[in-house]
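Written out below as structure tokens is the structure these notes cover.
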Amino acid sequence: MSEEAEHAGRRVVMDPAGVQRALVRIAHEIVERNKGVDGLGIVGVRSRGDVLARRVQAEISRLEGAEVPFGAMDITLYRDDLHRGADHAPVQITDIPWEVDGRTILLVDDVLFTGRTVRAALDALMDFGRPQAIQLGVLVDRGHRELPIRADYVGKNLPTQRSENVQVRLAESEGVDEVAILPGPTLIRPGRAIPAGNGNDGSMGRS
């Protein structure tokens with residue numbers, strides 16, 4: 001059975017070429033905005049933001065001939081919905097093996113949604129030191145913000161319904177680069193159907 005058959009209504013909005021073009025453009029914008037890469041560090045939010053951050057790092061290295069320090073961060077313990085038992089994912093390793101103090105940090109994630117994942121990432125990052133500045137890059141901005149957070153670099157602005165899911169698949173983990181929109185689950189109640197969206201960030205949502 002095809003994936004399209006398994007997920008009725010699934011719409012692919014970025015193919016491998018589209019994902020690559022977006023990351024290349026983001027890398028160029030980062031270099032232009034920061035007038036090079038001096039004092040820059042890249043931190044990816046696990047579990048897909050770190051993969052995207054690695055690719056952006058490689059593209060910047062190709063452009064500038066210099067390697068930007070890379071780190072990866074798990075923000076599970078900083079989420080604001082842990083007390084509700086909303087996230088049972090295992091805690092992954094945070095690895096930032098260089099000084100954050102005084103650097104401009106590029107925080108990278110896959111999807112920007114409510115802003116709650118990014119808020120958690122900012123809190124986690126500040127535990128490592130005091131950056132000079134923090135910039136945010138995302139592959140997809142799907143809207144529906146609940147916090148005053150805005151990305152500096154966006155691969156694709158993607159209008160969505162709040163109940164829909166944005167699925168990011170990457171070659172390193174799923175074997176293909178792709179972004180798709182899936183219809184959200186529906187709660188069936190007598191006489192009507194209600195989209196089941198709770199506004200929390202998740203692996204199909206996200207930040």
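Every read-out reported here was derived from the displayed coordinates using simple, explicitly stated rules and does not represent laboratory data. Just so it is clear, the model here is predicted, and its values are computed rather than measured. Backbone-built Cβ (ideal geometry, glycine too); neighbour counts: all protein chains shown.
For segment 15-160, the antiparallel share of DSSP beta bridges with both residues in that region comes to about 5%.
Charges only on Cβ, +1 for Lys and Arg, -1 for Asp and Glu: so what's the dipole of segment 93-166 about the Cα centre, in debye to the nearest 20? Dipole of segment 93-166, to the nearest 20 debye: 320 debye.
Estimated from the Cβ-Cβ distance and a Förster radius of 25 angstrom, the FRET efficiency linking V13 and R145 is about 0.80.
In terms of surrounding Cβ atoms within a 10 Å radius of their Cβ, R55, R162 rank from fewest to most as R162, R55. Under the simplified labelling scheme, the V91-R21 pair shows an inter-label distance of 4.2 nm, with each label point 7 Å from Cα along Cα→Cβ.
As a proxy for reagent exposure, D15, D177 were ordered by neighbouring Cβ count within 10 angstrom, fewest first; the result is D15, D177. Semi-axes of the equivalent ellipsoid for segment 15-160, computed as √(5λ) from the eigenvalues of its C-alpha gyration tensor and ordered from largest down, come to 23, 19, 13 Å.
With neighbours defined as other Cβ atoms within 10 Å of a residue's Cβ, the residues E64, E146 order from fewest to most as E146, E64.
Compactness of segment 96-154 was expressed as the Cα radius of gyration divided by 2.2 N^0.38 Å, which yields 1.12.
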